[in-house]
Amino acid sequence: LTGEIGSGKTTLCKALLRHLPQTTKTSFVFNSNLPEGQLFEAILGDFGILPKRRNKISFLKHLNSFLLSELSSGNNTALIIDEAQNLRASTLEFIRMLSNFETEKEKLIQIVLSGQPELRNKLDAANLSQLKQRISVHSHISALTMTDVGQYIDHRIFKTSPSKNVIFTPDAVDLIFSFSKGIPRLINIACDKALLCGFVLDTTVIDHGVAQRSIEELCGTAHPAMV
Ligand SMILES: Nc1ncnc2c1ncn2[C@@H]1O[C@H](COP(=O)(O)OP(=O)(O)OP(=O)(O)O)[C@@H](O)[C@H]1O
Ligand SMILES: [Mg+2]
């Protein structure tokens, strides 16, 4: 899973974790900058395993027996690694080894790598071609379109204050789209600031002027989209 900064990768991983059934055992690694040993311990810890020996062989042995026992209980196992663009080549190679855990009939673990587009470039490196070849689905989160941005804002406003009549006018949405380029984190920041400006100005209508003022405050100057 790839996507630009702030496009919603972590949000999507967390939503996935919330929706997986009890029969899927998961490990979610959100700090991929950990040294290899600690990363492996974090994975095992999520699966409830505490190996006595802290070395690669012991790690693999424990994980293998855990995966086999989950399979025999009818469970799935998934490893989700966020911020995977930070993983070292050696760690990515180790992840490839994890993907080799299998019986004659099936794979024992499903792995999701989520990261910024550099992850893709990293996987293009010749020494990682074996890992790349094992990727069965690559999904890229695109930025929201202008229509999406309007619907996204309306939806979130409705969820937080269904009865309070807060409105973002179409030209305010245009401006927020130009500023954010459809990236949810930037949309959120711009809308948050605009709502604060609206509060100060005692209005629930976020129009072009209010949006412009809030984006100017965010940028410290006029944003190129407004010049
Ligand atoms: N589909 C969505 N619906 C609602 N909110 C979203 C959605 N996608 C992203 N967001 C919001 O956008 C913000 C950024 O999302 P998130 O942290 O998941 O991005 P990211 O791609 O993981 O960023 P980074 O590259 O910095 O790790 C969050 O505040 C999140 O609530
Ligand atoms: Mg993230």
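Please treat every number below as a calculation from the coordinates, not as lab data. Since this is a predicted model, take the numbers as computed values, not measurements. All Cβ positions, glycine included, derive from the backbone under ideal geometry; neighbour counts span all protein chains shown.
Some points to look at:
- The protection proxy used here, the mean number of other Cβ atoms lying within 10 Å of each residue, ranks peptides 12-20, 183-191 as follows, highest first: 183-191, 12-20.
- Label-point gap, in nm, between residue 185 and residue 133 - each point 7 angstrom along Cα→Cβ: 3.5 nm
- Projected over every direction and averaged, the convex hull enclosing the alpha-carbon atoms of region 1-82 yields 5.9 nm².
- For residue 110, the residues whose amide H sits under 5 Å from its own are 77, 78, 79, ignoring neighbours fewer than 5 places away on the same chain, with H placed 1.01 Å from N.
- Cα convex hull volume per residue for region 91-139 (Å³): 81 Å³
- Straight-line reach from residue 61: taking Cα to Cα under 19 Å and skipping same-chain neighbours fewer than 8 places apart, the lysines in range are 25, 52, 107.
- Partners of residue 159 within straight-line reach, counting aspartates and glutamates whose Cα lies under 17 Å from its Cα and excluding those fewer than 8 residues away in the same chain: 148, 192.
- Taking Cα centre as origin and charging only the Cβ of basic (Lys, Arg, +1) and acidic (Asp, Glu, -1) residues, the dipole magnitude of the chain rounds to 960 debye.
- Proximal charge balance of residue 62 [Cβ under 15 Å; K/R count +1, D/E count -1]: +3
- Rounded to the nearest whole Hz, the Karplus-based 3J(HN,Hα) values (6.51 cos²θ - 1.76 cosθ + 1.60, θ = phi - 60°) of region 56-65 follow the sequence 4, 5, 5, 4, 5, 5, 5, 5, 4, 5, with x at glycine and proline.
- With N the number of residues in region 143-227, Rg(Cα) / (2.2 N^0.38 Å) evaluates to 0.98.
- Shape summary of the chain, radius of gyration then Dmax from alpha carbon positions: 22.4, 67 Å.
- Region 1-114 - charge dipole about Cα centre, Lys and Arg +1 at Cβ, Asp and Glu -1, debye rounded to 20: 260 debye
- The alpha-carbon positions of region 71-187 define a convex hull whose volume is 152 Å³ per residue.
- Here, region 48-100 is characterised by an Rg to Rh ratio of 0.99, where Rg is the alpha-carbon radius of gyration and Rh the Kirkwood radius.
- Taking Cβ atoms as reference points and 13 Å as the exclusive limit, the residues near residue 207 contribute a net charge of -1, counting Lys and Arg as +1 and Asp and Glu as -1.
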